[in-house]
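The values are calculated or read from the model by the stated rules, or taken from the named source; none is laboratory data. Bear in mind that the values here come from a model prediction, so they are computed numbers and not experimental data. Using ideal geometry, Cβ is built from the backbone for each residue, glycine included, and neighbour counts are taken over all protein chains shown.
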Amino acid sequence: MIICPSKPKEPYKAVILELSNRAREEVVFTKRFDEKNVLVLSEEGEPLTVDLLRALISKNPVFVVGGPDGTEVTGRKLSLGPYTLNHQIAIIVLLELMFRAKNPNHPYNKH
């Protein structure tokens, strides 16, 4: 599951919906949730590789992507890279990585 406190805007909204269906991963836009087994996306976090992601998603974590003002949620910090991303783009990148992690033999991974 991916949690984000800010609602997506077009054109990101349609892409997030399509990728969440393809990755079989729920994306919830809410400010309230149970903070157990939380992984927070942060530019200061541990680099997120597909292998690490594959190991993490087997434990059904909750990924938290901060909104425009970031997040105050605490948890293990993971990074998509050493830069700041728009929260909607971060969700799209994470969903793409999740699809690849869940489908290692899919022909799509050979691009």
Checklist entry - How about segment 7-41: which of its residues are more than 16 Å from T74 (Cα to Cα), among the acidic types (D, E) and not in a helix (DSSP H, G or I)? => result E10, E25, E26
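Is there a residue being under 10 Å from the mean Cα position of the chain (by Cα) and modelled with pLDDT of 90 or more anywhere in segment 27-44? Write out each step before concluding.
Residues of segment 27-44 that are under 10 Å from the mean Cα position of the chain (by Cα), as a first pass: 27, 39-41.
Retained after the next criterion (residues that are modelled with pLDDT of 90 or more): 27.
The answer is yes, given that some residue of segment 27-44 is under 10 Å from the mean Cα position of the chain (by Cα) and modelled with pLDDT of 90 or more.
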Checklist entry - Just for segment 67-82: of the residues that are at pLDDT 75 or above and of a type in the set (S, T, Y), which one is surrounded by the most Cβ atoms within 10 Å (Cβ to Cβ)? => result S79
